[in-house]
Amino acid sequence: MISVNGHIFIDEREIEFDFIKASGPGGQNVNKVSSAVQLRFNVKESPNLPDEVRSRLMRQAGNKISREGVLIIEAARHRKQALNRKETIHRLVALIRQASHQPKKRIRTRPSKASKERRREAKRQRSRIKKMRRPVHSEEA
């Protein structure tokens, strides 16, 4: 079991790892060994995620999540497969932790009287500048 926080735990059997060849560090060995790791975690089907965390995670994951609800995280920074594997797990835990924090509700406020007046004054000033750019028409014609 992977502990995300005090009340969310992910079963390791829910995570699927694919090992692929990657560019990057490794020298000649990079062409022989599959050191890059691709983690797949089915967010839609996971019984360990609360519904509100699941929906937030699906929104926050963006292009890392497929249409089927599978979260895909790749790591190829390290030369060793084990380190890349750990990195993908850390990224998954970080994403779930981020989704588990409920955002604060925004309290709508109104602009103050002074800020409205500053806005109007800025508009008046801009208008004066644009008036000065206009061509001068003489009334002698």
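Restricting attention to the range 97-141, the residues that are outside any loop (DSSP other than H, G, I, E, B) and either polar (S, T, N, Q) or within 29 Å of R56 (Cα to Cα) (or both) add up to 7. Under 30 Å from L39 (Cα atoms) and polar (S, T, N, Q): is that true of Q125 in this structure? No. The residues of the range 20-61 that are in a helix (DSSP H, G or I), surrounded by 13 or more Cβ atoms within 10 Å (Cβ to Cβ) and either modelled with pLDDT under 75 or not β-branched (V, I, T) (or both), listed by number, are V30, R54, S55, R56, L57, M58, Q60, A61. Of all residues in the range 40-81, those satisfying the criterion of being more than 16 Å from the chain's Cα centre (by Cα) and over 16 Å from E14 (Cα atoms) are D51, E52, R67, A75, A76, R77, H78, R79, K80, Q81. A search for C-beta distances below 7 Å between a residue of the range 66-92 that is touching a residue at least 24 places away in the same chain (Cβ under 8 Å) and closer than 19 Å to P47 by Cα and any residue that is small (G, A, S) and in a helix (DSSP H, G or I), counting only pairs 6+ apart in sequence or on different chains, returns L71/A61.
When the range 62-83 is filtered for residues that are buried (at least 19 other Cβ atoms within 10 Å of the Cβ) and under 19 Å from M1 (Cα atoms), the ones remaining, listed by number, are L71, I73. Scanning the range 99-141 for residues that are surrounded by 10 or more Cβ atoms within 10 Å (Cβ to Cβ) and hydrophobic (A, V, I, L, M, F, W, C) yields a total of 2. In the range 84-98, the qualifying residues are those that are surrounded by 18 or more Cβ atoms within 10 Å (Cβ to Cβ) and hydrophobic (A, V, I, L, M, F, W, C), and the one that is nearest to E52 (Cα to Cα) is I96.
The values are calculated or read from the model by the stated rules, or taken from the named source; none is laboratory data. No experiment lies behind these values; they were computed from the predicted model shown. Cβ sites come from the backbone with ideal geometry, for glycine too, and all protein chains shown count toward neighbours.
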